[in-house]
Amino acid sequence: MKKLTFVIALALMLVPALLYAAPPGCSWTGDPVCRYSWNQADGLPYHQPGWDTCTANRGQTLDKIMVWMNRSGAANWTDASPCLSTDTFCFDVTSALTGQGWIIEGTNIAFGECGELDPGYGYTQHVGITVPCNAAYGYHGPIIARVEYCNNYIVCDASCGDCWDPNIRSGVKLYNADTLYVNVVLAALHAPTILQDSIAYVEQGLSAAYVTFAICNPDGCSEHPYGYNITSKGHVGTAINTSGSVTVPAGECKNVYGVLNASSAAVCTYDTLTILAWTTEGGPYYDTCVQIVHVIEAVPVPMFTVPVVTILVLALILAAAVFMRRRAISRA
């Protein structure tokens, strides 16, 4: 009976070692987990466990944000993971879509880059996903993100598996991997986006002060024509009402201008310019913004800057050399 009891006790002692033994060439001292999955950090609906979805246009680049970490032993983790020490991890994304023209890359931490993490610490990972221009409409995937162990040779190794899966934090099941499907949709006729400075400064006395707006084409696959209208309140010079059109190449921006007459405007005068830009291929698809303009004192242009003085000195030296040479020739 004593022998049987001893055998049972020995078997019970060996069970954890058998259950949690790392594959050959790997070591498990920490526990990898996706703290925030594909859409969770973006504020979009997500599924844990399960797979996430998002939408994109042809030519669009998504910036998906994930957080991966080494699980800690804090009280809000209720699973019994035995791997709660410092370990070396990496993050990787795999998908057959990369062979179909999709670009999937780590934009702040390279995929497969190994790094040591203490328990409870993690990294914010940005994943750039660019949809090719020939992508069919509908769902594409899977795109699988994994937090992985680095093996004994400090190489990112998916075959090392996971010490404990899932990890449960505050009742939520978290895994070391998550899956995303991208739904490619037809863009809303590629409505433009407008970029501007927070405030535009105009020098007093300028009769033609250019205030810049950038009209951007979000379609990374083809150019599109846009119409625009720029108006001002008339606090700086006569009120303007400027209309025009511009064709913007795929994924690029072009500048358009509102021109104010500040020749008689007082310093510290404020005005506002409003721009409306729209697609001329159908609508209503548009963007609009308001630009604050502030009149400041004219900045005097210094006549004798360092470059100017340097050039003048060189010119004087050369002139003196020529003069002295001529005198030496005349004396000879």
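Rounded to the nearest 20 debye, what is the charge dipole size of region 118-229 about its Cα centre when +1 sits on each Lys and Arg Cβ and -1 on each Asp and Glu Cβ? Present the calculation step by step, with values, prior to reporting the outcome.
On the way: 3 positive and 10 negative charges, 52 e Å.
Using Cβ point charges on Lys, Arg, Asp and Glu, region 118-229 gives about 240 debye.
Just order 156-166, 91-101 by mean Cβ neighbour count inside 10 Å, highest at the front, would you?
156-166, 91-101
Among HIS140, VAL182, VAL127, pick out the residue whose Cα is farthest towards the positive end of the charge dipole of the chain, where Lys and Arg carry +1 and Asp and Glu carry -1 on C-beta, about the Cα centre.
So the residue we want is VAL127.
Where the Cα atoms of region 119-170 are projected onto their three principal axes, how long is each span, largest first, in whole Å?
42, 35, 19
Using Cα atoms only, what is the angle between the long axis of helix 306-331 and the major principal axis of the chain, expressed in degrees (0 to 90) to the nearest 10?
Once rounded, the angle reads 50 degrees.
Whose amide H sits under 5 Å from the amide H of PHE111, counting only residues 5 or more places off or on another chain, with H placed in the peptide plane?
Correct list: GLY106.
To the nearest 10 degrees, how steep is helix 2-19 against the longest Cα principal axis of the chain, on a 0 to 90 scale?
Approximately 20 degrees, to the nearest ten.
Spin-label point model (7 Å from Cα, Cβ direction): what's the THR124 to VAL313 distance in nm?
4.9 nm
Taking all pairs of distinct Cα atoms, average 1/r, flip it, and tell me the Kirkwood hydrodynamic radius of region 91-190 in Å to one decimal place. Kindly include the intermediate steps, with their values, before the conclusion.
Numbers: mean 1/r = 0.0641 Å⁻¹.
Result for region 91-190 stands at 15.6 Å.
Can you give the Rg to Rh ratio of the chain, both from alpha-carbon atoms, with Rh computed by the Kirkwood formula? Before the final figure, lay out each step's value.
Values: Rg = 32.4 Å, Rh = 25.9 Å.
Rounded to two decimals, Rg/Rh equals 1.25.
Sorted from largest down, give the three principal axis spans of the alpha carbons of region 134-216, whole angstrom values.
71, 34, 34
Cα atoms only: what Rg and Dmax, in Å, come out for region 193-296?
14.5, 46
How many percent of all Cα-Cα pairs in region 19-185 sit more than 19 Å apart?
54 percent
Which value at 222 nm does the chain reach when only helices count, each DSSP H run of 4 or more adding -39,500 (n - 2.57), with the total divided by all residues and rounded to the nearest 500 deg cm²/dmol?
Dividing the helical sum by the residues of the chain leaves -4500 deg cm²/dmol.
Of the listed peptides 261-268, 64-71, what is their order by residue-averaged count of other C-beta atoms within 10 Å, with the highest listed first?
64-71, 261-268
Read the figures in this text as sums done on the coordinates, not as results from a lab. On a predicted model such as this, the values are computed, not experimentally measured, just so you know. Cβ: placed from backbone, ideal geometry, glycine included. Neighbour counts: every protein chain shown.
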